[in-house]
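The block underneath contains the structure these notes are about, expressed in structure tokens.
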Amino acid sequence: MSGTLPLLDQIFEKLDHIPNFPETAQKALRLLQKEDVDFRELETVIRHDAAITANFLKLVNSAAFGLRNKVNSLLQAFSLLGINQIRFVLIASCSGKYLNRPLKGYGLTPQEVWLHSLACGLMAEALASRAGLSKPENLFTAALLHDIGKIVLDLFVEGEMEVIRDIIEKNPDLTFMQAEWMVLGADHAIVGAELLRRWEFPKEVYFAIRAHHDETLMLQSKIAALTALANTLTNLMGFGAGADVFAYEIPEELLEKAGVREGDLYPALIETFERTEALKTALFA
């Protein structure tokens with residue numbers, strides 16, 4: 001990364017050095033799009049990646065998924081989970097490769113980064129069922145990977161944190177993301193969206209990631225609204241609360257656009273808190 005490049009160019013050049021989303025996962029996700037999924041074919045694809053397989057089984061065997069007996073194989077897990085749950089666990093199994101690392105610029109430990117993403121995914125699942133979302137796969141992907149842009153921006157945020165904090169102190173009406181943008185020329189939402197665009201994820205996914213802090217954009221689709229709401233509620237629970245927590249406002253119309261009633265929020269919070277604590281115990285105990 002050349003020091004002579006303008007800061008924004010340095011940021012987007014770094015995108016070229018982020019390892020691609022695992023091809024194993026991409027193949028498995030394509031198989032899961034079929035009307036009749038062949039679990040043996042799916043198992044053959046996933047088991048070639050030992051890390052994904054290990055993470056998959058570790059997540060499935062946590063109390064978060066409520067299985068009565070320990071699962072020892074992928075095929076056994078597939079037979080006990082629904083297609084949406086398989087997709088959820090698959091993406092979650094891959095996310096640790098990118099998110100289980102310290103983000104000093106955002107004041108986050110590796111555990112906080114990954115746990116926040118997992119909790120956001122679980123919250124998205126809780127909200128999707130209450131919003132009557134029939135095809136939640138893109139929501140799960142967006143929720144689990146919504147902060148992936150932070151792994152690109154972290155070094156730049158750390159280097160400019162004093163400037164960002166000074167701007168916020170002098171302009172208290174500005175959000176963290178607005179100050180981030182003013183200093184760096186981009187925020188983690190737009191950088192994350194660009195990364196997933198390059199990885200050829202569906203437009204609905206990277207738009208939701210782009211929109212999850214933007215009050216105007218998050219109201220333009222139900223998936224974007226649910227992703228933003230899931231992230232907000234996860235922050236309110238304190239899972240992975242870093243330097244930018246509470247640094248933005250949520251528009252009043254968000255619940256309506258997400259298709260979620262106010263009375264659904266408390267049960268969703270309780271459900272997500274309990275499942276996230278179960279994952280925390282399984283992964284980090």
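Since every read-out is calculated from the coordinates, none of them should be taken as a lab result. Remember, it's a predicted structure, so these values are computed and weren't measured experimentally. Heads up, the Cβs are rebuilt from the backbone with ideal geometry, glycines too, and the neighbour counts pull from every protein chain shown.
A few notes on this one:
- Residue order for W114, W181, fewest other beta carbons within 10 angstrom first, comes to W181, W114.
- Stretched out straight at 0.36 nm per residue, the stretch from L15 to I270 would grow longer than its current Cα-Cα span by 88.1 nm.
- Alpha-carbon centroids, segment 262-276 and segment 120-184: separation in whole Å: 21 Å
- Cβ-to-Cβ counts within 10 Å put Y98, Y206 in ascending order as Y98, Y206, the fewest first.
- Histogrammed with a bin width of 10 Å, the alpha carbon distances of segment 145-285 distribute as 11, 36, 37, 15, 0 percent, first bin at zero.
- Of K97/K222; K135/K257; K58/K257, those spanning more than 25 Å from alpha-carbon to alpha-carbon: K97/K222; K58/K257
- Residues listed by number, segment 119-140, amide nitrogen under 16 Å from R261 label point at 7 Å toward C-beta: 127-133
- Each Lys and Arg contributes +1 and each Asp and Glu -1, all at the Cβ; summed about the Cα centre of the chain, the dipole is approximately 1180 debye.
- Positive dipole terminus of segment 12-284, leading residue within G192, L153, F78 (C-beta point charges): F78
- Within a straight-line Cα-Cα reach of under 16 Å, K34 can be paired with the following aspartates and glutamates, leaving aside sequence neighbours fewer than 8 residues apart in one chain: E43, E137.
- Exposure proxy shown here: for F12, F156, the number of other Cβ atoms within 10 Å sets the order, fewest to most, as F12, F156.
- Once the C-beta distance of A278 and W199 is scaled by a Förster radius of 45 Å, the resulting FRET efficiency is 0.95 to the nearest 0.05.
- S134 versus Q85: modelled label distance in nm, points set 7 Å from Cα along the beta carbon direction: 2.3 nm
- From its DSSP helices (H runs of at least four residues, each -39,500 (n - 2.57)), the chain gives a residue-normalised ellipticity at 222 nm of -20500 deg cm²/dmol.
- Full-stretch length increase - M237, L7 - with 0.36 nm per residue and alpha-carbon distance subtracted: 79.4 nm
- Efficiency of FRET from Cβ geometry, S221 and A51, R₀ 35 Å, rounded to 0.05: 0.60
- Distance violations [Cα-Cα > 20 Å] among K203/K280; K14/K104; K14/K170: K203/K280; K14/K170
- Using θ = phi - 60° in the Karplus curve 6.51 cos²θ - 1.76 cosθ + 1.60, the 3J(HN,Hα) couplings for segment 230-239 round to 4, 5, 4, 5, 5, 5, 4, 7, x, 7 Hz; x is entered for Gly and Pro.
- Histogram of C-alpha separations across segment 1-145, 5 Å bin width, %: 2, 9, 17, 19, 19, 15, 8, 6, 3, 2, 1, 0
- One Cα centroid belongs to segment 93-115, the other to segment 186-244; the line between them spans 16 Å.
- Ranked packing of 37-43, 272-278, 81-87, 210-216, most packed first, by mean Cβ within 10 Å: 210-216, 272-278, 81-87, 37-43
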